[in-house]
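Asker: First the structure, then my questions, so here it is.
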Amino acid sequence: MKNFQVAIIGGGVIGSAIAWELSKYKVDVVVFEMGSDVASGASKANSGVIHSGINSPTDSLKARFCVEGNSMFQTLADTLGFQFKWVGKWIIAKNQHEEKELNRLQNVGIANNVPYLKVIDGSEVEKKEPNVSCYKALWVPTAGIIFPYEFTIALAENAAENNVKFLLETKVIGLKKQRNNFEILTDKGNFQAQIVVNAAGLNCREIVSMVEEPDFQVYPCRGEYLILDKNYSSLINSMIYPVPVKELGVLGVHITPTIEGNILIGPSAEFIGDAEDKRTTKEMMSTLFKEAKEIIPALPKKAVISAYSGIRCKLASEKSGGWADYRIEESKHTTGLINLLGIESPGLTAAPAIAREVMKMISKHMELQKKNNFKLKKGRIKRFSEMPLKEQSDLVKNDERWGRIVCRCEQITEAEVINALSNPLGARSLSAVKYRCRAGMGRCQGGFCTQHIVRIMEEQFNIGIDDMKLKSPKSYLFEKRTREVKDD
Amino acid sequence: MISKSVDVAVIGGGPAGLAAAVSAKQHGAKHVVIIDRNSWLGGILPQCIHDGFGVEETGVSLTGPEYAEKYVEMAEKQDIQVLKETMVLQFDKSKEIIAVNKKGLYKIKAGAIVLAMGCREKTRWNVLIPGSRPSGIYTAGVAQSFINLYNIMPGKNVIILGSGDVGLIMARRLKFEGANVLGVVEILPYASGLPRNVVQCLNDYDIPLFLNHTITCIDGKERIEQVTIAQVDEHMHPIAGTEKQISCDTLLLSLGLTPENELSKNVGIEIDSVTGGPIVNQMLETTLDGVFACGNCLQVYDTVDMLSLDAKRAGEHATEKASLQKRKQKSNIRIIPGDGVRYVVPQLVDKSGMIPLTFRVEKPKENTILRVLAGDEELLRKKMRWVNPANMVRIEVDISAETIASAETLKVIIDDC
């Protein structure tokens, strides 16, 4: 049985942010992730928005960690090398009635220490956003966009490079509190740890119930999105939000630009029974489109090129209004179990601040000593397609793998695919490649590159065709060989 | 940077690129280069191991690899330079191509360029099928390449959406390799592939074809587990109450092909919104001087025979162009698809003579008359007993110098008898 000081359950953005903070210290840390890569759940499927902190009630944990997290992002992006843009956001009011809501939000924002908020006339908004018409709008400059999976992967990989152990495809199936230790039972064997951090997202209740009777319920709430073709990136410059829907504790269907130019529409909010039901539905696709068209009348139907959904982990039911604050606390009954419950939006923004809070909680149990050999990743590595010709030419001269384009749509080279597959987490799925280097993300959706990536996996990473998967342990890609080949 | 100068540069070494390059050489081009991203020539042909290629062209039914081999041999004999595993990153209006392979970056100055980039398959998202996003969903061509080139079977219990030719061929291919092909689902009231393929690939193997049906949902948490199919009404909307679940572990999509024209668009070549290919004149020259287009990046062909025929013309005209210095500016006449016609290639004409026109009709129809009109003047009238969108029509029209001088548009229409 392997012993660790801290065990983190869940390799989402919260688990990965905590792992990264801990990796700066002399602590033995393990992360259990049941998916085939980090950011496999809600951390991957959201709007990718770094929120300002105007939407949560003053004095709530949501407001506090959102504002704190927001202030950390520029430095994080610069050091961890993920893409980040302060695009700002407009919350638009269609009439005087909705304007009241803008004023309310502005006041909440001011109380939460969100700077530079301004209510602006519709005619002025139109100058900045010619495709949006409104009566008035609240301008929130301290809102930004990232790729949520890129951020999570950056945190986790840098943590792994600093000796945090990530165990992918490892599901925690039991948890026992012994005197000063936890015994953690997984489908890949048993482990021990002094502290257990429950960052299991939608499964947070399941983990708690392994050691005590949970005093809360989880209400999964699905959000569907539409993705628009890059050709329509000029429709908006900043995020466009309606005034929030009061009933469901969500922000409403909004329109969000992404760094690569695809615009997102969504999310919907639908309480569902099955927390794993990540379906997109025809009805919701048309509802989303209709609602987006109310904000941007010029939106053409053919602009939609894809759809996805993510599930929020809510602690409040639809009936009770859908809003509940985060619970970030050590269990009163089980010493050493740190529970992070109901971390839904703005969880992506709050993640780095929550991680620091968890560090304080851990430091009450053990002395945290800084490592002096912590290797901080510095900045982002440019993609081949972003380089000037001279730089491309030099790279190919030194290493011919830079001269083989594997993904034609995004112009990703074999060298970049190999780098993606060599990640320190050991994530080897097709999605792991896609989310690290964009191969397969373009218009042909892997029509050309899948074969090449499969060949690279087989020849250079010795992955058998039976072990190749799309994104999760059982999402196998192939059935078998067409014909058995006999060696002569 | 490796610099080169050629008379004709052909982008893409599939059947169209090969035919264009061979033809360019035959018509006197000294220095011809084919640039292809694969490690082989022939494009998609090597994975098309069924026969039926070359029947119209040679009278002999060949397999895809055999057909490709014929042209590859010709190309080799004629000393055409081939850059394999080479990706064209861009080209500009002066016809300077930037490409990359493992040896480095290339700058290729061309007298004329022939575009022969082929096409890509439409994906699930082109038709926005709702549901989850599990593994086991492949486009038919990708599945074909896995089975035939990589010796990998994608799945066992297979549903095919779309009755395009690749889908039909794959239904039979999977059956040969022991898979259960549970059916082909087609939203239209008729198959979209060639009628002979429906007979030879489905009927002969008792594979059901669900016409007027579509897939309304995909289920499966990790690997695909089932699809829901439903009947559609005349507006192609699913009819409530007709849904039926079919368990499967694989879904193949044969939803049609999209011409590959990112390079063309980047340099500002005008694209026909119906064909998805460049707008060309009777010489297959695009709206960019000295740049020609052929093969499936021009329009999606249904047989390689017809494709090669046109590609050779592109090679010939590119060679002529490479030896000339300047474009002779002439006013173009537009060729417009009229009633019953979906599109016509070429879209422009600026010279008299016998001009080949290729087009597709809107719907299957019997007892029709094809007419080519210049204003009120009828240039051609031909009885056609039967027309079908899956079968491209190719005709030659004699266009006189007077027509060129006086007409503004030509119209191709399909009339009832």
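Asker: Only one of A:LYS290, A:LYS378, A:LYS302 is within 14 Å of chain B (Cβ to nearest Cβ) and either among the acidic types (Asp, Glu) or exposed (fewer than 13 other Cβ atoms within 10 Å of the Cβ) (or both). Can you tell me which?
Answerer: A:LYS302
Asker: So how many residues does the range A:223-245 have that are small (Gly, Ala, Ser) and either crowded, with 23+ Cβ neighbours inside 10 Å or in contact with a strand residue (DSSP E or B) (Cβ under 6 Å, 6 or more places away or on another chain) (or both)? Give the derivation first.
Answerer: From the range A:223-245, those small (Gly, Ala, Ser) are A:223, A:233-234, A:238; that's our starting set.
Remaining after also requiring either crowded, with 23+ Cβ neighbours inside 10 Å or in contact with a strand residue (DSSP E or B) (Cβ under 6 Å, 6 or more places away or on another chain) (or both): A:223, A:238.
Number satisfying all stated conditions: 2.
Asker: Here is a further query. Provide a single number: the residues in the range A:442-478 that are in a loop (DSSP other than H, G, I, E, B), modelled with pLDDT of 95 or more and at the interface with chain B (Cβ under 10 Å from one of its Cβ atoms).
Answerer: Result for the range A:442-478: 9.
Asker: I'm trying to understand the selection: among the residues of the range B:107-132, which are under 25 Å from A:GLU224 (Cβ atoms) and either of a type in the set (D, E, K, R) or part of a helix (DSSP H, G or I) (or both)?
Answerer: Those that are under 25 Å from A:GLU224 (Cβ atoms) and either of a type in the set (D, E, K, R) or part of a helix (DSSP H, G or I) (or both): B:LYS122, B:ARG124, B:TRP125, B:ASN126.
Asker: What number of residues within the range A:8-42 are open to solvent by 10 Å² or more (accessible area, probe 1.4 Å), over 19 Å from A:ASN373 (Cα atoms) and either among the aromatic types (Phe, Trp, Tyr) or not assigned by TED's automatic domain parsing to the domain that holds A:LEU167 (or both)?
Answerer: Of the residues in that region, 0 qualify.
Asker: Oh, and also: Quickly run through the range A:424-438 and pick out the residues that are at negative phi and either open to solvent by 10 Å² or more (accessible area, probe 1.4 Å) or assigned to a helix (DSSP H, G or I) (or both).
Answerer: First, pick out the residues of the range A:424-438 that are at negative phi: A:424-425, A:427-437.
A:PRO424, A:LEU425, A:ARG428, A:LEU430, A:SER431, A:ALA432, A:VAL433, A:LYS434, A:TYR435, A:ARG436, A:CYS437, listed by residue number.
Results for (1) farther than 24 Å from B:SER273 by Cβ; (2) at pLDDT below 95; (3) in contact with a Lys or Arg (Cβ under 9 Å, 6 or more places away or on another chain); (4) not aliphatic (A, V, I, L, M), shown as yes or no for each residue.
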| site | (1), (2), (3), (4) |
| --- | --- |
| B:ARG223 | yes, no, yes, yes |
| B:PRO238 | yes, no, yes, yes |
| B:ILE246 | yes, no, no, no |
| B:ASP249 | yes, no, yes, yes |
| B:PRO259 | no, no, yes, yes |
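Asker: Identify all residues within the range B:96-110 that are open to solvent by less than 30 Å² (accessible area, probe 1.4 Å) and more than 8 Å from chain A (Cβ to nearest Cβ); write none if there are none.
Answerer: B:ILE97, B:ALA99, B:TYR106, B:ILE108, B:ALA110
Asker: Specify which of the listed residues (B:ALA240, B:ALA179) is more than 17 Å from B:ALA390 (Cα to Cα) and without any contact (Cβ under 8 Å) to a residue 24 or more places away in the chain.
Answerer: Among B:ALA240, B:ALA179, only B:ALA240 is more than 17 Å from B:ALA390 (Cα to Cα) and without any contact (Cβ under 8 Å) to a residue 24 or more places away in the chain.
Asker: With the requirement that a residue be in contact with a strand residue (DSSP E or B) (Cβ under 8 Å, 6 or more places away or on another chain) and either assigned to a helix (DSSP H, G or I) or under 14 Å from A:PHE289 (Cα atoms) (or both), what does the range A:206-222 give you?
Answerer: A:ILE207, A:VAL208, listed by residue number.
Asker: Can you name every residue in the range B:115-168 that is of a type in the set (Phe, Trp, Tyr) and either within 8 Å of another protein chain (Cβ to nearest Cβ) or closer than 24 Å to B:LYS265 by Cβ (or both)? Lay out the reasoning, then the answer.
Answerer: Step one: of the range B:115-168, the residues of a type in the set (Phe, Trp, Tyr) are B:125, B:138, B:146, B:150.
Of everything in the range B:115-168, those that are of a type in the set (Phe, Trp, Tyr) and either within 8 Å of another protein chain (Cβ to nearest Cβ) or closer than 24 Å to B:LYS265 by Cβ (or both) turn out to be B:TRP125, B:PHE146, B:TYR150.
Asker: Can you give me the number of residues within the range A:407-441 that are among the β-branched types (Val, Ile, Thr), farther than 22 Å from A:GLY261 by Cα and within 11 Å of chain B (Cβ to nearest Cβ)?
Answerer: Count: 0.
Asker: Still on this structure, please answer the following. Taking A:PHE166 and the conditions (1) farther than 19 Å from A:LYS332 by Cβ; (2) touching a Leu at 6+ places or on another chain (Cβ under 8 Å); (3) open to solvent by 30 Å² or more (accessible area, probe 1.4 Å), which numbered condition does it fall short on, given that it satisfies the others?
Answerer: Here A:PHE166 clears every test but (3).
Asker: Sticking with this structure for a sec: Are there any pairs, at least 6 apart or on different chains, whose C-beta atoms fall under 8 Å, with the first in the range A:393-404 and more than 7 Å from chain B (Cβ to nearest Cβ) and the second surrounded by fewer than 21 Cβ atoms within 10 Å (Cβ to Cβ), and if so, which?
Answerer: A:LEU395/A:MET387; A:LEU395/A:ALA415; A:ASP399/A:ALA415; A:ARG401/A:ALA415; A:ARG401/A:ILE418; A:ARG401/B:LYS102; A:TRP402/A:LEU395; A:TRP402/A:ALA415
Asker: Okay, next question. Out of B:VAL82, B:VAL55, I need the residue that is open to solvent by 20 Å² or more (accessible area, probe 1.4 Å), touching a residue at least 24 places away in the same chain (Cβ under 8 Å) and farther than 30 Å from B:LEU253 by Cβ. Which one?
Answerer: Details: B:VAL55 fails: farther than 30 Å from B:LEU253 by Cβ.
Within the list B:VAL82, B:VAL55, the selection yields B:VAL82.
Asker: Hey, does the range A:393-412 have a residue that's in a loop (DSSP other than H, G, I, E, B), under 30 Å from A:LYS24 (Cα atoms), touching a strand residue (DSSP E or B) at 6+ places or on another chain (Cβ under 9 Å) and not small (Gly, Ala, Ser)?
Answerer: no
Asker: A follow-up question, please. Yes or no: A:LYS480 more than 30 Å from A:ILE146 (Cα to Cα) and not small (Gly, Ala, Ser)? I'd like the intermediate steps shown before the answer.
Answerer: Working: more than 30 Å from A:ILE146 (Cα to Cα): yes; not small (Gly, Ala, Ser): yes.
Answer is yes for this residue.
Asker: Sticking with this structure for a sec: Here are some residues: B:ALA29, B:ALA20. Which one is in contact (Cβ under 8 Å) with a residue 12 or more places away in the chain, open to solvent by less than 20 Å² (accessible area, probe 1.4 Å) and in a helix (DSSP H, G or I)?
Answerer: Details: B:ALA29 fails: in a helix (DSSP H, G or I).
Selected residue: B:ALA20, the only one of B:ALA29, B:ALA20 that is in contact (Cβ under 8 Å) with a residue 12 or more places away in the chain, open to solvent by less than 20 Å² (accessible area, probe 1.4 Å) and in a helix (DSSP H, G or I).
Asker: Kindly check whether there is at least one residue in the range A:135-149 that is farther than 24 Å from A:ARG428 by Cβ, touching a residue at least 24 places away in the same chain (Cβ under 8 Å), more than 26 Å from the chain's Cα centre (by Cα) and not in a strand (DSSP E or B).
Answerer: Yes, the range A:135-149 has at least one match.
Asker: Here is a follow-up. It is to be established whether one or more residues within the range B:295-308 are crowded, with 18+ Cβ neighbours inside 10 Å, more than 13 Å from the chain's Cα centre (by Cα), among the hydrophobic types (A, V, I, L, M, F, W, C) and modelled with pLDDT of 95 or more.
Answerer: Scanning the range B:295-308, I find no residue that is crowded, with 18+ Cβ neighbours inside 10 Å, more than 13 Å from the chain's Cα centre (by Cα), among the hydrophobic types (A, V, I, L, M, F, W, C) and modelled with pLDDT of 95 or more, so the answer is no.
Asker: If only one of A:GLU357, A:GLU344 is open to solvent by 20 Å² or more (accessible area, probe 1.4 Å), more than 13 Å from every other protein chain (Cβ to nearest Cβ) and at pLDDT 95 or above, which one is it?
Answerer: Details: A:GLU344 fails: open to solvent by 20 Å² or more (accessible area, probe 1.4 Å).
Exactly one residue qualifies, and that residue is A:GLU357.
Asker: Restricting to the range B:252-267, give me the number of residues that are β-branched (Val, Ile, Thr) and in a strand (DSSP E or B).
Answerer: Within the range B:252-267, residues that are β-branched (Val, Ile, Thr) and in a strand (DSSP E or B) number 1.
Asker: Okay, moving on. Can A:GLU213 be described as surrounded by fewer than 23 Cβ atoms within 10 Å (Cβ to Cβ) and within 21 Å of the chain's Cα centre (by Cα)?
Answerer: Working: surrounded by fewer than 23 Cβ atoms within 10 Å (Cβ to Cβ): yes; within 21 Å of the chain's Cα centre (by Cα): no.
No.
Asker: Related question: Could you check the range B:165-251 for strands (runs of 3 or more DSSP E) lying wholly inside it with 3 or more residues that are open to solvent by 40 Å² or more (accessible area, probe 1.4 Å)?
Answerer: B:244-247
Asker: Please verify whether the range A:54-64 includes one or more residues that are open to solvent by 20 Å² or more (accessible area, probe 1.4 Å), in the same structural domain as A:PRO267 (by TED's automatic domain parsing) and in a helix (DSSP H, G or I).
Answerer: No, the range A:54-64 contains no residue that is open to solvent by 20 Å² or more (accessible area, probe 1.4 Å), in the same structural domain as A:PRO267 (by TED's automatic domain parsing) and in a helix (DSSP H, G or I).
Asker: Now for a different question. Take the range A:179-233 and flag every residue that is basic (Lys, Arg) and modelled with pLDDT under 95.
Answerer: A:ARG179, A:LYS230
Asker: Could you list all residues from the range B:356-365 that are modelled with pLDDT of 95 or more and either among the aliphatic types (A, V, I, L, M) or farther than 24 Å from B:GLU270 by Cβ (or both)?
Answerer: Matches in the range B:356-365: B:LEU357, B:VAL361.
The values are calculated or read from the model by the stated rules, or taken from the named source; none is laboratory data. Quick caveat, the model's predicted, so the values are computed rather than measured. Positions of Cβ are backbone-derived with ideal geometry, glycine not excepted, and every protein chain shown enters the neighbour counts. SASA here: full protein model, heavy atoms, side chains in, ligands and nucleic acids out. Shrake-Rupley method; radii C 1.70, N 1.55, O 1.52, S 1.80 Å.
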